[in-house]
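Here's the structure, in structure tokens; my notes come after.
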Amino acid sequence: MERGSVKTGTNSSGSILFPKPAQWTFEEGIRIGWGSAMAHVPMHEPLYFLNARGNAGDNEAQLHAFRRTRAYLEHLADLGCTQVWFNWWKGFGLEHERECMRQVADLFPICRELGLRSIAYFSLGSLTPDTLLAEAPEAEDWMTLTQNGGRASCQTTHQCFRVRPCFTSEGYLSYMEKVLAECLDAGADGIHFDNIGMPAEPEACHCPRCVQQFRTYLQERYRGNLGAELFGMSDFRHASVPWFNQHNTANNLKRASVPLHRAWIDFKCEVYASAASRLIDFIRSRKADAFVEMNLMEPDGFAAGFWRGNDYAMLMPKLEMVCDEGNRQDGLNKRGAIVGAYRAKKWARAFGCAHNSGARTRQLASQFAEDLAFSNAPKTFWNKHRDYQLQSRSQAEVAVLREQLSLRYNRFEPWEETLAAEQYLIERRIPFDIVSNVHLENLDGRCRLLVLAGVELVSDAMRDRIADWVGQGGNLLLVGRTGMYDEHYRVRRRRVAVVETMEQYRQALQPCNAFHALVGEDPHGGDSDVLIRECGRGRVGWLRGLDVDRVPRTAESWIIPYDMFMMPRNAWQLDEVLVSLLPDRRLQVNTDGRLYVHHARRTDTGEDLVHLINHGFPPQIAMADVALRAEREVQDVVSVSVDDVEDEYPLRRETFEMRGEWLHVPVAGIRHHRSLIVRWQTS
């Protein structure tokens, strides 16, 4: 199994891909009483933290106390909440937080009586030495020690009393297990982990334990001939941990071209994933069906593995939900491009996770369309139509690969190509899923087109797996620098039998794409911008690149800003390739508006759903002509919208007609959202 993979079975069918111990969350739905529009105020922060961080009101204690009463819990139940997220552990220490924990534990029985699940907040990345060391002096060993010998800041809000823990510390992890055990034994139904990840560079931990473990990591994986070939050395007993200075600042590191940097990034990802997995396994051992969630997702285009050691594909398989504080509200950016949390929801769904992107009104439609369980929709809408969310799975025929190591080692180029390809699909109203490396093992028949855009690193095993899938009838789109590096991030070059002449030397210097055999000529040495080839029963298309503005390479630019997202200028070339690779898409939507489209199917009834979300609203009310290839005789077509609040969200009958095998539905008056529901004859 390759680095970055997840040791579990999966497929790309759009169903819940990984079995989840807390399956009840996907049956009940996840509707949270904390800082949402439902509850209006947060319940996950303890009073001592609110006071310590500043900006608390002079009646904070009174308000905080009321939010922990039966009256307030009854209010949440009346709003339709299914979960309440309480504070439990903020990193101040058990003794300091004990009384607050007791107060919360007293509320667990009331929650059960009201039909609410109790979820306990845990910081997994923040310690407060001011109070913790009074209880546990040994906790000094639990804290990150930076390259300069200091502590690492928890975050960027000047909360100087908070520091990052070291995730190789056995003492810290054992203490966390102790705190988790008390919480679960008190009756909590699940755990919410916040403050996720390693400290961002240049504040990664350089304590003696981490240094030694990194050297052992290198020695076990790369000693001998492989180390000499990749690193120029084979003995790592004194290997350097990457460090930064005024001439080599962390923010100026664009790509991990130095093998030690890549190994350090891999090491951090594996250390953090191992620590998180250990704690999650402990939770399951204490309460087999406990809900576990992480506040994990960064904004689209943030290289979380590169910076923080957060590899989502290694963390999400064991979770029921991921939270997201970084992605934009559904809408249009300054370029007029459609933006929102769609990508994050697709990525979470690929690993069977729900996704909480906040409580803004305009996000209700994207939750209904894309999310496996989470919703803040009004109670009436939820009670009437929740099964169209909880029981529905994606029917997208296109999948975009987010290759783990390409996105882990390079801050910008792979992300730019991947995001641009996804933006093209969004703007062209083509439903798609996001997959990771592990999903390639079981690509199924529903995925008819796999898109590799900016996937710099392609191993021989990955190439062979994809080539076999194409030979069996799959279609492959290669974009940009895809396949330029092997699994060790070495530039792929032409293979020649011997190098004895200058001509042979020049040939050996030429780049050679991993998919050279499929494409038929070396695309990076040829003159064509677009290539299309038949390969067995499938097809391969190649496009030299996507014409979009690139992120300015400044020392301060950490992420790809949302206002950089744009439709590629050479979208017409993608149109040309797509017509050849996928000429008979099952769903086509023509519209005069800025519609985002998602296609799903209810697993229990077989009904198809076509979600239409208008990003031009309120200035523009859109209309659309939806064409869906019919697999059976159509019984009826209805629609539902979160906009129909005045009428309490009825199912509206839509007119339709059959044109050969195609079902055509004209849809007018699309405000923010409308979802078509196609009901098929059952016999």
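One line per residue, one yes/no per condition, for (1) under 18 Å from Q389 (Cα atoms); (2) charged (D, E, K, R); (3) in a strand (DSSP E or B):
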residue	(1), (2), (3)
V626	no, no, yes
V637	yes, no, yes
T655	no, no, no
S683	no, no, no
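Of the residues making up the stretch 207-220, one or more are within 20 Å of F167 (Cβ to Cβ) and not in a helix (DSSP H, G or I). Between R102, R112, R68, the distinction of being surrounded by fewer than 20 Cβ atoms within 10 Å (Cβ to Cβ) and in a loop (DSSP other than H, G, I, E, B) belongs to R68 only.
Within the stretch 383-435, the set of residues being of a type in the set (D, E), in a loop (DSSP other than H, G, I, E, B) and surrounded by fewer than 23 Cβ atoms within 10 Å (Cβ to Cβ) comprises E397 only. Set side by side, the residues V667, V626 differ, and just one is open to solvent by less than 20 Å² (accessible area, probe 1.4 Å), touching a strand residue (DSSP E or B) at 6+ places or on another chain (Cβ under 6 Å) and closer than 13 Å to L609 by Cα, which is V626. Scan the stretch 359-367 and give yes if some residue there is open to solvent by less than 10 Å² (accessible area, probe 1.4 Å), part of a loop (DSSP other than H, G, I, E, B) and under 30 Å from S277 (Cα atoms), otherwise no. Checked the stretch 359-367: no residue is open to solvent by less than 10 Å² (accessible area, probe 1.4 Å), part of a loop (DSSP other than H, G, I, E, B) and under 30 Å from S277 (Cα atoms).
Answer yes or no: is there a residue in the stretch 533-547 that is open to solvent by 40 Å² or more (accessible area, probe 1.4 Å), more than 23 Å from G471 (Cα to Cα) and part of a loop (DSSP other than H, G, I, E, B). Scanning the stretch 533-547 turns up at least one residue that is open to solvent by 40 Å² or more (accessible area, probe 1.4 Å), more than 23 Å from G471 (Cα to Cα) and part of a loop (DSSP other than H, G, I, E, B).
Here Y649 qualifies as out of contact with any Leu (no Cβ under 7 Å at 6 or more places or on another chain), over 30 Å from G301 (Cα atoms), in contact (Cβ under 8 Å) with a residue 60 or more places away in the chain and crowded, with 18+ Cβ neighbours inside 10 Å. Which ones in the stretch 308-320 are of a type outside the set (K, R), closer than 20 Å to S123 by Cβ and either in contact with a Ser or Thr (Cβ under 7 Å, 6 or more places away or on another chain) or surrounded by fewer than 24 Cβ atoms within 10 Å (Cβ to Cβ) (or both)? Within the stretch 308-320, E320 is the sole residue that qualifies. The sole residue among I338, I283 that is among the β-branched types (V, I, T) and closer than 25 Å to R448 by Cα is I338. When A186 is tested against (1) open to solvent by 20 Å² or more (accessible area, probe 1.4 Å); (2) under 30 Å from G115 (Cα atoms); (3) within 28 Å of the chain's Cα centre (by Cα), exactly one condition is not met: (3).
Residues that are part of a helix (DSSP H, G or I), crowded, with 24+ Cβ neighbours inside 10 Å and not aliphatic (A, V, I, L, M) were ranked within the stretch 368-382; the one that is farthest from the chain's Cα centre (by Cα) is F368. Of all residues in the stretch 284-307, which are open to solvent by 20 Å² or more (accessible area, probe 1.4 Å) and touching a residue at least 40 places away in the same chain (Cβ under 8 Å)? Within the stretch 284-307, R284, R286, K287, A288, D289, N295, E298, P299 meet the criteria. A Cβ distance below 8 Å, combined with a sequence gap of six or more or placement on separate chains, defines the contacts here; from the stretch 569-587, residues that are closer than 22 Å to D549 by Cα reach residues that are surrounded by 19 or more Cβ atoms within 10 Å (Cβ to Cβ) and of a type in the set (S, T, Y) in the pairs A571/Y424; L574/Y424.
Take C154 and tell me if it is among the hydrophobic types (A, V, I, L, M, F, W, C), modelled with pLDDT under 95 and surrounded by fewer than 16 Cβ atoms within 10 Å (Cβ to Cβ). It is false that C154 is among the hydrophobic types (A, V, I, L, M, F, W, C), modelled with pLDDT under 95 and surrounded by fewer than 16 Cβ atoms within 10 Å (Cβ to Cβ). Look at (1) of a type outside the set (S, T, Y); (2) open to solvent by less than 80 Å² (accessible area, probe 1.4 Å); (3) touching a residue at least 40 places away in the same chain (Cβ under 8 Å); (4) out of contact with any strand residue (DSSP E or B) (no Cβ under 6 Å at 6 or more places or on another chain) and you find that P618 fails only one, number (2).
So, in the stretch 341-355, of the ones that are touching a Ser or Thr at 6+ places or on another chain (Cβ under 9 Å) and outside any helix (DSSP H, G or I), which residue ends up surrounded by the fewest Cβ atoms within 10 Å (Cβ to Cβ)? Only one residue tops the list, namely G352.
Scanning the stretch 26-65 for residues that are open to solvent by 40 Å² or more (accessible area, probe 1.4 Å), part of a loop (DSSP other than H, G, I, E, B) and either over 17 Å from N376 (Cβ atoms) or at pLDDT 90 or above (or both) gives N55, A56, D58, N59. Evaluate the following for W542: is it modelled with pLDDT of 90 or more, over 26 Å from the mean Cα position of the chain (by Cα) and closer than 30 Å to G305 by Cα? For W542, the condition - modelled with pLDDT of 90 or more, over 26 Å from the mean Cα position of the chain (by Cα) and closer than 30 Å to G305 by Cα - is met. Summed over the stretch 116-142, residues that are open to solvent by 10 Å² or more (accessible area, probe 1.4 Å) and either of a type in the set (S, T, N, Q) or touching an Asp or Glu at 6+ places or on another chain (Cβ under 6 Å) (or both) total 3.
The values are calculated or read from the model by the stated rules, or taken from the named source; none is laboratory data. A quick note: this is a predicted structure, and the numbers were derived from the prediction, not measured. Neighbour counts are summed over all protein chains in view; Cβ atoms, including those assigned to glycine, are modelled from backbone coordinates with ideal geometry. Side chains included, ligands, DNA and RNA excluded: accessible areas come from the protein's heavy atoms. Shrake-Rupley method; radii C 1.70, N 1.55, O 1.52, S 1.80 Å.
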